[in-house]
Amino acid sequence: MTADGDKVFLAADFSQAELRVLAQCSRDKNLIEAFNSGQDLHRFTASLVFGKDPKDVTKKERQIAKSVSFLIVYGGGPHKLSEQIGKDVGYCKNIFKAYQDSFPKVFKWINFVHKFVRQHGYAVSLFGRRRHLSNVKSPNKKYQYRALRQGMNFVIQSSASDLMLHSILRLQKYLKASGLDAQILATVHDSVEVQCSKEDLKKTIELMRYVLESTGDFKDLYGLDFVVPFTVDVEAGHSFGDMIEAEFIGGGHLLNEAEILKYVKD
């Protein structure tokens, strides 16, 4: 995917959207603290799970903590972690237990979702979407457990998807009103792809970041008051996969415009 002519290709990626939704749903204080303090989430998680100061966490421990976080989002458990990291199941059960002790409200929320799905036969996202899961009533335990995993995962994935889609609509509105030579091209998973003229590079990048990170309108529209920020990482360059990171200083001002323009010129 490339920009037209001599325009600049931009990609804004929502950072850890699913885990931020998990923090919103569970209201776990440690998860909220990690996001609101701006810490590296996986290093922070590893420091709690392994009982270490964040600066002493190893790369391997950080990777394990990251794996556990995403396994929880996707409904995985100790056996799946064992396959991923090559440790025995007993070790992985202890890791999950340490995670549960560190983020107790995450597991309380998961239990709440499971109870809701069992009772109603469907799951509901933050934005009110439903996924019907009739297999939760199946006499086959395997199908029941699958429905519970799907229900919890649906709440996270659907909520993150709707948040992103709403943000794209907001961006389209702002770009149109701005008069900038910039157009939305596509979306790829958790990212939004845009092209703009070199003359409007700085204003477009700054507008993208501001608009996509805004969540204030969700309260009036959906009654959602977000407890953690939703952040985006912006890259710019020639095409998808051939970009450099946009850097920002206080107030959301682009710091390395000259570097980006030189990059796309070369």
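The values are calculated or read from the model by the stated rules, or taken from the named source; none is laboratory data. Please read these numbers as outputs of a predicted model, since none were measured by experiment. Cβ atoms come from the backbone with ideal geometry, glycine included; neighbour counts cover every protein chain shown.
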Requested in this report: State yes or no: is D28 at pLDDT 95 or above and touching a Lys or Arg at 6+ places or on another chain (Cβ under 9 Å)?
Outcome: yes
**Report entry** Qualifying residue in the stretch 129-138 (condition: surrounded by 19 or more Cβ atoms within 10 Å (Cβ to Cβ) and on the phi < 0 side of the Ramachandran plot)
**Finding:** yes
Query - Evaluation of Q119 against (1) crowded, with 18+ Cβ neighbours inside 10 Å; (2) over 20 Å from the mean Cα position of the chain (by Cα) (one fails), failing number - result: (1)
Report summary line: Screening F230, F226, F248, F240 for residues that are among the aromatic types (F, W, Y) and under 14 Å from I168 (Cβ atoms) leaves only F230
Query raised in the report: How many residues does the stretch 161-172 contain that are of a type outside the set (D, E, K, R), surrounded by fewer than 17 Cβ atoms within 10 Å (Cβ to Cβ) and out of contact with any strand residue (DSSP E or B) (no Cβ under 8 Å at 6 or more places or on another chain)?
Result: 3
Query raised in the report: Could you give every pair whose Cβ atoms fall below 7 Å, whose first residue belongs to the stretch 127-147 and is part of a helix (DSSP H, G or I), and whose second residue is among the small types (G, A, S), counting only separations of at least 6 or pairs across chains?
Result: S134/G121; N135/A147; V136/G121; V136/A147; K137/G121; Q144/S138
**Report entry** Qualifying positions in the stretch 40-80 - closer than 19 Å to D101 by Cβ, free of Cβ contacts under 8 Å to residues at least 24 places away in the same chain and polar (S, T, N, Q)
**Finding:** S47, S67
Query raised in the report: If you go through the stretch 205-224 one residue at a time, do you hit one that is more than 19 Å from E18 (Cα to Cα) and assigned to a strand (DSSP E or B)?
Result: no
Report summary line: Taking the stretch 173-202 and keeping only residues that are assigned to a helix (DSSP H, G or I) and either under 14 Å from the mean Cα position of the chain (by Cα) or surrounded by 15 or more Cβ atoms within 10 Å (Cβ to Cβ) (or both), one is left with Y174, L175, L201, K202
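Go through the residues of the stretch 148-160 one by one and say whether even a single one is more than 14 Å from D217 (Cβ to Cβ), crowded, with 20+ Cβ neighbours inside 10 Å and among the polar types (S, T, N, Q).
Checked against the condition, which is being more than 14 Å from D217 (Cβ to Cβ), crowded, with 20+ Cβ neighbours inside 10 Å and among the polar types (S, T, N, Q), the stretch 148-160 yields at least one hit.
Residues are listed down the side, and each one gets a yes or a no for (1) of a type in the set (D, E, K, R); (2) outside any strand (DSSP E or B); (3) crowded, with 17+ Cβ neighbours inside 10 Å; (4) within 20 Å of the chain's Cα centre (by Cα):
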site	(1), (2), (3), (4)
A46	no, yes, yes, yes
G51	no, yes, no, no
A65	no, yes, yes, yes
L81	no, yes, yes, no
F96	no, yes, yes, no
Y99	no, yes, yes, yes
Report summary line: Within the stretch 32-44, residues surrounded by 15 or more Cβ atoms within 10 Å (Cβ to Cβ) and either more than 26 Å from V227 (Cα to Cα) or not charged (D, E, K, R) (or both) come out as I32, A34, F35, L41, H42, F44
**Report entry** Leading residue by the ranking (nearest to A34 (Cα to Cα)) among those in the stretch 231-266 that are β-branched (V, I, T) and part of a strand (DSSP E or B)
**Finding:** V232
